[in-house]
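Q: Before I ask anything, here is the structure I am working with.
Any read-out appearing in this document is the output of simple, stated calculations on the displayed coordinates, not a laboratory observation. Here the structure is a predicted model, which means the values were calculated and not measured. Cβ coordinates were reconstructed from backbone atoms using ideal geometry, including for glycine residues, and neighbour counts include every protein chain displayed.
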Amino acid sequence: MSAATIGERLASIYRAIAEGAMRGMPICNPDLEVQAVGFRGHAGHAIGVVVTPWFMNIVLAEVAGGPALPPARLGDVRAVSLPAGRIEVTVGELDGFGRLDAASLFSPMFGFADPAATYQTAAAAMAALFKPDGYDVPPPARDRRALLFGRGSSAP
């Protein structure tokens with residue numbers, strides 16, 4: 001099972017939850033929809049962002065035939081190394097899926113106007129996680145003289 005397939009499976013499960021138990025709940029933003037964004041393989045596991053009307057989480061799951069996630073109890077917090085650095089995920093379990101380690105990006109989701117905004121944010125988060133140090137380019141060098149005279153920063 002590919003990482004993209006795992007993302008699709010998670011989206012399907014969360015859509016059922018959104019249409020069932022979470023329908024009409026005050027924590028939900030009714031203008032949003034469930035999305036699985038940027039799912040890819042990493043260290044033999046699947047990682048991506050799940051967006052729902054009530055949360056946006058980075059999630060990490062096992063891939064069939066791949067290595068198991070490290071042993072842990074539900075609720076444990078563990079570190080995951082990514083190119084941009086380490087993040088902490090909480091070990092969880094999703095009915096109908098199994099173990100799913102997650103790190104919250106946003107909850108609740110009332111700061112988002114529409115699914116396009118949540119998609120763009122989730123895609124940007126995934127891109128940042130896989131860039132060394134989280135940057136596209138190094139920050140510009142500071143010129144002390146320019147700073148002293150109010151000209152901001154300048155590149156060498």
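Q: Taking the Cβ of VAL80 as the centre, find all other residues whose Cβ is under 12 Å away and add up their charges (Lys, Arg: +1; Asp, Glu: -1).
A: Values: positive: ARG78, ARG86; negative: GLU88, ASP101.
Residues close to VAL80 contribute a combined charge of 0.
Q: Now, a different point. Where does the charge balance sit around TYR14 when Lys and Arg score +1, Asp and Glu -1, over other residues with C-beta under 15 Å from its C-beta? Write out the running numbers ahead of the final one.
A: On the way: positive: ARG9, ARG15, ARG23; negative: GLU8, GLU19, GLU33, GLU93, ASP95.
That works out to -2.
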